[in-house]
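Each remark here refers to the structure printed beneath this line.
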Amino acid sequence: MKLTILRVWAIIMVATLSACATTPPKQQDNLCEIFRQYPDWYDHTLDSQKRWGVPISVQMAIIQQESSFRSAVRPERTKLLGIIPWKRPSSAKGYAQAQDPAWEDYKKATGQIFAIRSQFEDAADFVGWYNDVSHRRLGLPKTDAYNLYLAYHEGHGGYSRGSWRNKSQLQSIARKVERRSAQYQAQLNSCQSEFHCRRWYQVWPFCR
């Protein structure tokens, strides 16, 4: 009897979590449509921009590249003997694909001890924080999506050592992030007013 109850409870919990999961945006090439589908994401990235000075467009371009806006994505497991699922190549997880050491550094540095990588709000704040560290340690402009992404992918030490210089595929991806960031910024310029003061308790101009 107890076992049956536990099984039913487990099924209910799985169904509930699945229902609460956020599906990826339908039009990932259009930032306006992304925020129309998930207006709270605009609030979260705006909060991160105010806190860390990293533009919304840069945050979103990095998150799109890392996870395609999937909340629970992780690197695929390697195959032992080519057939047996084995270890994952890294501990990257969530929207921002933050690895365990970087995520722990973020929580310690910001006091966000309950932050979760599958929560978009926390992921956006992490991306803003990490790029702010890249700016302070490496001198990278917060609008330089190309080099910020290289530092994000390789780590601050790896970027400093130039580990990216002989990685043509990575450089190509970083250029893609750069182009997407510019595209997102142009789109946001045309629709950002839609997302200001949309709640009943927000009063212009204090919500801008």
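Descriptive notes on the structure:
- Residues of the range 150-162 include at least one that is aliphatic (A, V, I, L, M) and either crowded, with 23+ Cβ neighbours inside 10 Å or closer than 15 Å to Met60 by Cα (or both).
- Some residue of the range 117-131 being over 18 Å from the mean Cα position of the chain (by Cα), modelled with pLDDT of 95 or more and either among the β-branched types (Val, Ile, Thr) or at negative phi (or both): no
- Looking across the range 103-132, the residues that are in contact with a Gly (Cβ under 9 Å, 6 or more places away or on another chain), under 19 Å from Leu148 (Cβ atoms), in contact (Cβ under 8 Å) with a residue 40 or more places away in the chain and not acidic (Asp, Glu) come down to Ala123, Gly128, Asn131.
- Hey, Phe126 closer than 21 Å to Tyr38 by Cβ and aromatic (Phe, Trp, Tyr) or not: yes
The values are calculated or read from the model by the stated rules, or taken from the named source; none is laboratory data. Being a predicted model, the structure only gives us computed values, none of them experimental. Methodologically, a virtual Cβ is constructed for each residue, glycine included, from the backbone with ideal geometry; neighbour enumeration extends over all protein chains shown.
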